[in-house]
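Reading through the structure tokens given below for one structure.
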Amino acid sequence: MYAQGRTAPGKKITNAKGGQSIHNYGFAVDICLIIEGKTASWDTKKDWDNDKIADWYECVKIFALYGWEWGGNWKTFKDMPHFEKGNFNSWRKLSKLKKDKNGYIILS
Ligand SMILES: [Zn+2]
């Protein structure tokens, strides 16, 4: 993905090389809402279920319950779709951990 827009055709889609994002370690996800099983939406204000709370913020609350931080709370660059697991948010630290034979890091 890093090569795209640099040495491979297409638009640049990432600034992170392989292993330089906590997404690579499974501790970050980017979400969108799927409306009625059909349409992807990144609308953070819409309230499709009419409960007076924007559906996006309902997701933020659920992630927070499980210790996931929301990129929408960042001060410098707000990354609205992004969530990451607290305590595992440094790819530099994660990249130094031992890996199993499949390349997955070993946490214990
Ligand atoms: Zn992300």
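Annotations
- Residues of region 57-88 that are modelled with pLDDT of 95 or more, hydrophobic (A, V, I, L, M, F, W, C) and within 15 Å of the ligand (Cβ to nearest atom): Cys59, Val60, Phe63, Trp68, Trp70, Met80, Phe83.
- For Ile62, the criteria (1) open to solvent by 50 Å² or more (accessible area, probe 1.4 Å); (2) within 19 Å of Gln20 (Cβ to Cβ) hold in every case but one, which is (2).
- Exactly one residue out of Ala16, Ala54 is within 21 Å of Trp70 (Cα to Cα), aliphatic (A, V, I, L, M), surrounded by 10 or more Cβ atoms within 10 Å (Cβ to Cβ) and in contact with a Ser or Thr (Cβ under 7 Å, 6 or more places away or on another chain), and it is Ala54.
- Within region 54-93, the residues that satisfy the criterion of being acidic (Asp, Glu) and in a strand (DSSP E or B) are Glu69, Glu84.
- When Asn102 is tested against (1) in a helix (DSSP H, G or I); (2) modelled with pLDDT under 95, just one condition goes unmet, and that condition is (1).
- Residues that are without any contact (Cβ under 8 Å) to a residue 12 or more places away in the chain and more than 15 Å from the chain's Cα centre (by Cα) within region 71-103 comprise Lys75, Thr76, Arg92, Lys93, Lys96, Leu97, Lys98, Lys99, Asp100, Lys101, Asn102, Gly103, listed in sequence order.
- If you go through region 42-70 and keep only what is touching a residue at least 24 places away in the same chain (Cβ under 8 Å) and among the hydroxyl-bearing types (Ser, Thr, Tyr), you end up with just Thr44.
- Selection from region 7-51 of residues that are assigned to a loop (DSSP other than H, G, I, E, B), at pLDDT 95 or above, within 13 Å of the ligand (Cβ to nearest atom) and not aromatic (Phe, Trp, Tyr): Ile31, Cys32
The values are calculated or read from the model by the stated rules, or taken from the named source; none is laboratory data. The structure presented is a predicted model; accordingly, all values stated were derived computationally and were not measured. In this analysis, Cβ positions are derived from the backbone assuming ideal geometry, glycine residues included, and neighbour counts consider all displayed protein chains. Surface accessibility is based on the protein's heavy atoms, side chains included, excluding ligands, DNA and RNA. Shrake-Rupley method; radii C 1.70, N 1.55, O 1.52, S 1.80 Å.
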